[in-house]
Amino acid sequence: MAVARKIAYNVAFNSVVKVFSTILALVGIGFITRYLGKEGFGDYAIVLAFFSFFTQLADLGLYSVTTREISRIDADEKKIIGNIISLRVLSSLAVFLLALVIIKFLPYPQEVQKGILIAAAAFVFSSGYMVLNG
């Protein structure tokens, strides 16, 4: 009975958190839209779409590989984490350089190009811990 109660509690808690985060996201989008206006929000959406695409590209499935490798019985966790973080940072740098090249060929306004570069740079700096967070 204790296991069933824990499962029910976790499902209820996760459901409440999901609803709360969805409401918070909708309210946030409302504020952002009003602040930026139609054109500004469109530029913001382009930056987010570009960032989302390149985030997936840089991931290389490293979170899944990390989980699989660390779960092995004789795993050297420190070595695995070090290697994965190194790979993630290198892949993020490669994606950042790719973003630099690609945005020069796309007809985006200067503000959008700057936003993409800022998002890509932030991604490079946060890429090391993102392997651990998923």
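Checking the a/c ratio against 1.5 first, then a/b against b/c, what shape does the Cα gyration tensor give for the chain?
oblate
Please work out whether the range 50-106 counts as rounded, prolate or oblate from its C-alpha gyration tensor, where a ≥ b ≥ c are the square roots of the eigenvalues and a/c under 1.5 means rounded, while otherwise a/b larger than b/c means prolate and anything else oblate? Prolate, because a/c is 1.5 or more and a/b exceeds b/c. Ignoring lysines fewer than eight residues from K104 along the same chain, the ones with Cα atoms less than 18 angstrom from its Cα are K114. Ordering A25, G61, A75 by Cα displacement along the dipole of the range 1-105 toward the positive end leaves A25 in first place; charges were set at the Cβ atoms of Lys, Arg (+1) and Asp, Glu (-1).
Read-outs throughout are calculated quantities, based only on the coordinates presented, and are distinct from any laboratory measurement. Bear in mind the structure is a predicted one, so any value in this text is a computation, not a measurement. Methodologically, a virtual Cβ is constructed for each residue, glycine included, from the backbone with ideal geometry; neighbour enumeration extends over all protein chains shown.
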